[in-house]
Amino acid sequence: MHAGWTRAHALAWNLASAATVLVGGLAASLLADHLNTAVLVPFAAGNFIYIALADLVPELTTTPAARDEAIHTLGFTAGLALLYLVTLAT
């Protein structure tokens, strides 16, 4: 919508991109017997890190209160730490 798209156009592209999750999940399920799907975990983690960097971190620069900025940064860092710990456990 920020790019000047209509609601219908933005919704259509959102649905199209969301549908790829189903295709990827189905492919991983079908290949689970033949391949080690644990290699997909870093890709999932990378996806979450991308979302955080692209969408959440810019919000830190628009928050005027230093306390709010510190809370957001701490939450982001805790999320990265949790992803790292999950990687070590698998």
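Just so it is clear, none of the values below were taken in a lab; they were calculated from the coordinates. Nothing here was measured: the structure is a model prediction, and the numbers come from that model. For neighbour counting, all protein chains shown are included, and Cβ atoms are generated from backbone atoms with ideal geometry for every residue, glycine included.
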Considering only residues that are farther than 26 Å from Val21 by Cα, among the hydrophobic types (A, V, I, L, M, F, W, C) and not in a loop (DSSP other than H, G, I, E, B), which ones fall in the stretch 31-77?
Leu60, Ala66, Ala70, Ile71, Leu74
Between a first residue in the stretch 23-43 that is surrounded by fewer than 11 Cβ atoms within 10 Å (Cβ to Cβ) and a second residue that is part of a helix (DSSP H, G or I), which pairs have beta carbons less than 9 Å apart while being 6 or more apart in sequence or on different chains?
Ser29/Thr37
